[in-house]
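Asker: Take a look at the following structure, please.
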Amino acid sequence: MRYRLLRRVGRPEERVFADVAQIAGFEVFLTGDTKIPEEQNMDGRRIAIVVMTAHQLSIVRDHVTQIAAAVASAKAGTIEVVECGKFRR
């Protein structure tokens, strides 16, 4: 699986961002938006979504193995949530 970075231009909603990622040929969309599972209809999608429950490096670095495994095993039309904890100030 090749990895490419799709940079955010402006501030589109995540569901639109997932559409753009699919059109661009991405196989997996990795996000920290925990609302995606309730907002996204995956019927007919050719992309998988992996949701991290946190996106701050200080938290995520301890969960890289689980995130990489979720990305590697992701199947089109599915959403998988990887529990990474939560950011606390």
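Asker: Only one residue in 40, 56, 22, 66 is at pLDDT 95 or above and either of a type outside the set (Asp, Glu) or within 12 Å of the chain's Cα centre (by Cα) (or both), so which one is that?
Answerer: Values: 40 fails: at pLDDT 95 or above; 56 fails: at pLDDT 95 or above; 22 fails: at pLDDT 95 or above.
Of 40, 56, 22, 66, the one residue that is at pLDDT 95 or above and either of a type outside the set (Asp, Glu) or within 12 Å of the chain's Cα centre (by Cα) (or both) is 66.
Asker: Restricting to the stretch 46-89, what's the tally of residues that are touching a residue at least 40 places away in the same chain (Cβ under 8 Å) and surrounded by 13 or more Cβ atoms within 10 Å (Cβ to Cβ)? Let's see the steps before the verdict.
Answerer: Start the filter on the stretch 46-89 by keeping residues that are touching a residue at least 40 places away in the same chain (Cβ under 8 Å), which leaves 71-72, 74, 76, 79, 81.
This time we only want the ones that are surrounded by 13 or more Cβ atoms within 10 Å (Cβ to Cβ), so: 71, 74, 76, 79, 81.
Residues meeting the conditions: 5.
Asker: Free of Cβ contacts under 8 Å to residues at least 12 places away in the same chain and either surrounded by fewer than 18 Cβ atoms within 10 Å (Cβ to Cβ) or not small (Gly, Ala, Ser) (or both): is that true of residue 25 in this structure?
Answerer: It is true that residue 25 is free of Cβ contacts under 8 Å to residues at least 12 places away in the same chain and either surrounded by fewer than 18 Cβ atoms within 10 Å (Cβ to Cβ) or not small (Gly, Ala, Ser) (or both).
Asker: Also, quick follow-up: Limited to the stretch 33-59, what total is found for residues that are part of a loop (DSSP other than H, G, I, E, B) and touching a helix residue (DSSP H, G or I) at 6+ places or on another chain (Cβ under 7 Å)?
Answerer: Of the residues in that region, 6 qualify.
Asker: Does the stretch 12-35 hold any residues that are under 16 Å from residue 75 (Cα atoms) and not charged (D, E, K, R), and which are they?
Answerer: 18, 21, 22, 25, 26, 28, 29, 30, 31
The values are calculated or read from the model by the stated rules, or taken from the named source; none is laboratory data. This one's a predicted model, so the numbers in the text were calculated from it and none came from an experiment. Cβ coordinates were reconstructed from backbone atoms using ideal geometry, including for glycine residues, and neighbour counts include every protein chain displayed.
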